[in-house]
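First the structure, in the form of structure tokens, and then the observations on it.
The values are calculated or read from the model by the stated rules, or taken from the named source; none is laboratory data. Keep in mind that this is a model prediction, so the values were computed, not measured. A quick note on method: Cβ atoms are made from the backbone with ideal geometry, for glycine too, and the neighbour counts reach across all protein chains shown. Please note that ligands, DNA and RNA were not included when accessible areas were found on the heavy atoms of the full protein model with its side chains. Shrake-Rupley method; radii C 1.70, N 1.55, O 1.52, S 1.80 Å.
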Amino acid sequence: MSPSSPAVEIEVAGRTVRVSSGDRVVFPHRGLTKRDVVDYYLAVGDGILAALHERPTTLERWPKGVLDGARLSTRTDSTGDAFFQKRVPRGAPEYVETARIGFPSGRTADEVAPTELAVVAWAANLGTITFHPWPVRRDDVDRPDQLRIDLDPQPGTDYTDAAALADDVQELLAEVGLVGYPKTSGGRGLHVFVPIAPRWDFVEARRATIAFGRELERRRPEQVTTRWWKEERGEKIFFDYNQMARDRTMASAYSIRPNARATVSAPLRWAEVADARPDDFDVTTMPARFAEVGDLFAQASAGGHADSPGSLEALLELAARDERDHDLGDLPYPPEYPKMPGEPARVQPSRARHD
């Protein structure tokens, strides 16, 4: 094994950031190194910083690289090769600012809240591949300023099936007075971020998201499902309403994803969604696209600071009608949550029938 390259110091917007073992291969199928990852984030610097600016951000760290067979640690299995860093790492430079966030369990953590591009480069040097920002700003961590829509292809479907819903999503957003900005997930899915005024809490934002998903499901019942349990979803696009639950995050725009191709979560124009191919957007191609089209996600990243942040009132009215006229109340929360008020039984349907 050849020795690693010596550490180097690079200048990032007036800060000096140390990059160690820059020649370490992170994506072996592409021959991409840690320094390539750092340089990528600097090339899309304005976009990635806007997406993360002052947002509590979980770092998805792959310190050994995205190697064949490498696994990501989970809540139930901490033995993986990669992990989610929710607390600011020890020894962080003084310019790494934080935000205190609360988990559903009642615990709290001081999480990285990037305020400058050097923080992104520093995190990339630690092996961060993907950045997962909360839909809030650090000055008010209880009130989302983004509504996030996750169209998640289930087995038997793919990105093309998610993209086929783009016109319906855009039309429904317009009907409720909102504007959305699409991006690839970096995998098979499609994300849409919607700037909203930070007036509603997570429970209300999630309730509004459920109402949106149910209406989309009514319009495209053969293509869309809001069913939480996998055994009930079938070959449809799952509308993952729980992405708006507290402490659930999505990969930011411009984030690299931990797959063999080193794809990235790419902002799109609505007109591009149908013909886009997620594999076309990766560490090697996105810098040129960014230089050409700029930050297509600027308004989405701005959230409540966007030119026209939206209101959830129309969606909350739709949620109230669903409950009143169709007896459609809450839906199950993620498994790590305590039992929530008004939540239905959180039990797999097949198990409930057996019991």
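Data table
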| read-out | value |
| --- | --- |
| Selected residue (only one of Glu11, Glu94 is part of a strand (DSSP E or B) and either surrounded by fewer than 16 Cβ atoms within 10 Å (Cβ to Cβ) or of a type outside the set (Ser, Thr, Tyr) (or both)) | Glu11 |
| Cβ pairs under 6 Å, 6+ apart, first in the range 13-39 and farther than 18 Å from Pro287 by Cβ, second basic (Lys, Arg) and not in a loop (DSSP other than H, G, I, E, B) | Arg24/Lys34 |
| Cβ pairs under 6 Å, 6+ apart, first in the range 204-229 and within 19 Å of Pro155 (Cα to Cα), second of a type in the set (A, V, I, L, M) and in a helix (DSSP H, G or I) | Val224/Leu216 |
| Boolean, Arg289 is over 23 Å from Leu147 (Cβ atoms) and either surrounded by fewer than 14 Cβ atoms within 10 Å (Cβ to Cβ) or basic (Lys, Arg) (or both) | yes |
| Options Asp240, Asp279, Asp295: the member that is open to solvent by less than 50 Å² (accessible area, probe 1.4 Å) and within 30 Å of Lys64 (Cβ to Cβ) | Asp240 |
| Boolean, Ala320 is under 30 Å from Arg143 (Cβ atoms) and over 25 Å from the mean Cα position of the chain (by Cα) | yes |
| Candidate set: the range 75-91, residues that are of a type in the set (Val, Ile, Thr) and more than 15 Å from His132 (Cα to Cα); chosen: the one most open to solvent (accessible area, probe 1.4 Å) | Thr76 |
| Helices (runs of 4 or more DSSP H) contained in the range 252-352 and holding at least 3 residues in contact with a Pro (Cβ under 9 Å, 6 or more places away or on another chain) | 298-302 |
